[in-house]
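Written below as structure tokens is the structure these notes are about.
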Amino acid sequence: MSVRKTPKEGHRGKQERHMIDSDGHNFVGRLGSLGIVVYSFDSYEELARYPDCKYAYDVNDWMATLVRRIESLNMIGDMLWLDQKIIDKFDFPVSRHDWLNVVTDVFLMRVSSIIDCSLILASEVYELGLSPKDCVWPKVKKANLPADVLESLSKISRIRDDFRDERNERFHWGYEREFSSDDVTFKTVAMFEKWGQKMGGTDKYDREIDVRQYFVEGLEQLQIDFNQSTRSLMKALDNFYDVLAVEFEARFSPRFNDPKTGFGALQRRQLEKSSS
């Protein structure tokens, strides 16, 4: 088992939280604006009769899924940047050590899933015809996507790969990271604290046992991992959206303006007729 970044003794100082803007890119806003076309129809089947509407709706549907998953990372931030009063008097249904374990599980799973959602979105924009379960790296690579798309996806994938070993160790083999400089003592005293029994004495370094300090060490290491990964992730996603936006417009515009099948062209004719 590889041990990731075991916290060292002492206080690192407060980590400034990185807040994630999940829908700030123009491409996200563009798809969201087009998505309101759904209110012009009573069913998806009716909407799908117009190629421009169907394409915009399908792409936006998976963009919305990706945005929700990205936004959920802020929830993890809420669980890491706790109010000082909560840190001082931890009163949750689980112990301090268990809290860090749960947050780590959620963090690793949701960071890992970003690349999977991105692969599905790329498939929708480029109309690869792959089902969501088939949108995996080997099959997407065989679909002859342009090099810039594959490179942008690779950048997103690297964030996941930074945590691949730990994710596999935790989810498949049951191993867990160490959250403090003396994690055996931390786990024990956190459990007794949860039972309402405060433990005294010294840890393996002959330091006075301080369950709060152990907890802070674990929080701060997770905060560092969170900030580093989310900053890299948002930079990679911005590049990904830049590439997808060009391809989307190249495919959407001809359908929108098609005089026979374009709902956009139909709407324009009706507007011109009503204003004449």
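Read the figures in this text as sums done on the coordinates, not as results from a lab. The model shown is predicted, which means the values in this text are computed figures rather than measured ones. Positions of Cβ are backbone-derived with ideal geometry, glycine not excepted, and every protein chain shown enters the neighbour counts.
The length gained on full extension between Tyr205 and Asn26, counted as 0.36 nm times the residue separation minus their Cα-Cα distance, comes to 59.1 nm. Take the Cβ atoms of Ala250 and Asp42, set R0 to 35 Å, and the FRET efficiency comes out at 0.70. Cross-linked pairs Lys54/Lys260; Lys142/Lys260; Lys141/Lys235: Cα-Cα separations exceed 26 Å for Lys142/Lys260.
Projecting the Cα atoms of Leu219, His18, Leu153 onto the charge dipole of the chain (Cβ charges, centred on the Cα centre) puts Leu153 farthest toward the positive pole. Using a simple spin-label model with pseudo-atoms 7 Å out from Cα toward Cβ, Ala64 and Glu272 lie 3.2 nm apart. For the chain, a crude dipole built from +1 on the beta carbon of Lys and Arg and -1 on the beta carbon of Asp and Glu, taken about the Cα centre, is about 380 debye to the nearest 20. For the pair the stretch 37-78 / the stretch 197-276, the C-alpha centres are spaced 15 Å from each other.
Computed from Cα positions, the angle between helix 96-125 and the longest principal axis of the chain comes to roughly 20 degrees. The charge dipole of the stretch 92-209, taken about the Cα centre with unit charges on the Cβ atoms of Lys, Arg (+1) and Asp, Glu (-1), comes to about 220 debye, rounded to the nearest 20. Relative to the longest principal axis of the Cα atoms of the chain, helix 211-257 runs at roughly 10 degrees. For the chain, relative contact order (Cα pairs under 8 Å, six or more residues apart, normalised by length) works out to 32 percent. List the lysines whose alpha-carbon lies under 25 Å from that of Lys89, not counting same-chain residues fewer than 8 positions away? Excluding near neighbours in sequence, the set is Lys8, Lys14, Lys187, Lys194, Lys198, Lys204. Within the set (i) 53, 49, 28; (ii) 86, 41, 30; (iii) 43, 39, 38, the number that Cα extents along the principal axes in Å takes when calculated for this structure is listed as (ii). Charges were assigned to the Cβ only: +1 to each Lys and Arg, -1 to each Asp and Glu. The resulting dipole of the stretch 73-128 about its Cα centre is roughly 240 debye.
Kindly state, to the nearest 0.05, the FRET efficiency for Asn227 paired with His172, given R0 = 25 Å and r defined as their beta-carbon distance. Rounded to the nearest 0.05, the efficiency is 0.40. Comparing Val102, Leu128, Phe186 along the charge dipole axis of the stretch 101-210, the residue lying farthest to the positive side is Leu128, per the Cβ-charge model. Ranking Met234, Leu82, Leu34 by how far each Cα lies toward the positive end of the dipole of the chain (charges on Cβ) leaves Leu34 at the top.
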